[in-house]
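Read the structure below first, then the notes.
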Amino acid sequence: MPEQKTYIVEHLDPELGPWSALEYRAIARETAGCKGVFMLSSLPEGFQVPEELKQESAFRAETRGVEELYPEGKGKERVCLLDPAAEEDLNPDDKRDFDVFLFGGILGDDPPRDRTSELRKKGFTGRRLGTIQMTTDTAVRVTRMVVEEQFTLDMIPYLDHPELKFGDKESTEMPFRYVKGKDGKPIMPEGMVDLIKKDADKSIDDLF
Ligand code: SAM
């Protein structure tokens with residue numbers, strides 16, 4: 001059993017927008033810290049991977065999909081799909097049974113549209129990270145804490161639906177679960193708060 005774990009996000013959206021780019025760079029950086037691999041699979045041929053992501057040492061770009069990489073009888077049984085609809089929660093002993101942790105490359109949506117079902121129907125073993133929708137980088141962070149650091153899900157400090165305040169008047173409620181950082185704030189990728197603020201300003205401008 002390899003000690004090094006692979007975290008795969010299967011690319012399912014037509015493009016990789018700025019929000020996903022920040023999330024994926026955060027995943028790549030944190031995965032390097034635990035000597036793992038972060039792979040973005042199923043990328044269309046000739047896909048332009050953002051430069052900042054390419055530079056991360058743990059990052060691998062892959063055009064093959066996860067079914068081709070881990071076919072039946074050749075590794076599929078060692079792949080765990082993180083799935084909000086799975087019956088069993090992820091637990092520290094899953095470190096023994098799985099080498100690869102698979103996530104849907106989907107932006108969070110409210111209400112969730114269950115696009116993780118596109119991977120579920122491929123028949124990978126599923127594990128849940130509780131019932132509340134997380135951002136993709138949070139889902140990878142929590143998985144790593146359980147698998148690499150042997151936390152149980154109930155030991156992890158969370159922040160659900162935090163409100164981000166910008167200045168005196170503006171605020172946005174994020175419809176996701178995050179891990180609470182040492183500073184008491186939700187752990188978010190570098191640059192994300194600015195991007196959310198920019199998006200919020202844009203939607204306010206659209207009203208006029
Ligand atoms: N709304 C989405 C959907 O349509 O399924 C959820 C997308 S979520 C932002 C991206 C990925 O993070 C999911 O495909 C799943 O792999 C993982 N994820 C997020 N929350 C999870 C949870 N509570 N349990 C297990 N996996 C989760």
Looking only at lysines whose Cα falls under 19 Å of residue 95's and that sit 8 or more positions away or on another chain, we get 5, 35, 74, 76
Cα extents of segment 57-185 per principal axis, largest first, Å, are 57, 34, 28
If one builds a Gaussian network model of the chain from Cα atoms under 10 Å apart, the most fluctuating residue listed among 126, 184, 167 is 167
Taking Cα pairs closer than 8 Å and at least 6 residues apart, the relative contact order of segment 31-86 in percent is 34
GluC sites (Glu not before Pro) in segment 30-96 lying in a DSSP loop, each with at most 14 other Cβ atoms within 10 Å of its Cβ, come to 45, 72, 87, 88
Expected vector for segment 112-121, Karplus 3J(HN,Hα) from phi with 6.51, -1.76, 1.60 and θ = phi - 60°, integer Hz, x for Gly and Pro, equals x, 9, 6, 7, 4, 4, 4, 8, 4, 6
Taking a straight Cα-to-Cα line shorter than 12 Å from residue 180, and setting aside same-chain aspartates and glutamates fewer than 8 residues away, one finds 160
DSSP beta bridges in the chain: the antiparallel percent, rounded to 5, is 25
Checking 27, 196, 106 against a Gaussian network model of the chain (alpha-carbon springs below 10 Å), the top fluctuating residue turns out to be 196
Segment 171-188 and segment 70-128 have their Cα centres apart by a whole-number Å value of 24
To the nearest 20 debye, segment 72-208 has a Cα-centred charge dipole, built from +1 on Lys and Arg Cβ and -1 on Asp and Glu Cβ, of 360
Expressed as a whole-number percentage, the relative contact order of segment 1-103 with C-alpha contacts under 8 angstrom and at least six residues apart is 35
Row for segment 15-119, column shape: gyration tensor on C-alpha, a ≥ b ≥ c, rounded if a/c < 1.5 i.e. under 1.5, prolate if a/b over b/c, else oblate; value rounded
If amide H atoms are modeled at 1.01 Å from N in the peptide plane, then the residues at a separation of 5 or more from residue 134, or on another chain, having amide H under 5 Å from its own are 177
Residue separation between residue 173 and residue 52 times 0.36 nm, minus their alpha-carbon distance, gives in nm 40.8 nm
With residue 57 itself left out, Lys, Arg at +1 and Asp, Glu at -1 over residues whose Cβ is under 15 Å from its Cβ give +1
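Throughout, read-outs are computed from the coordinates displayed, never taken from laboratory work. Quick caveat, the model's predicted, so the values are computed rather than measured. Positions of Cβ are generated from backbone atoms using ideal geometry, with glycine treated the same way; all protein chains shown enter the neighbour counts.
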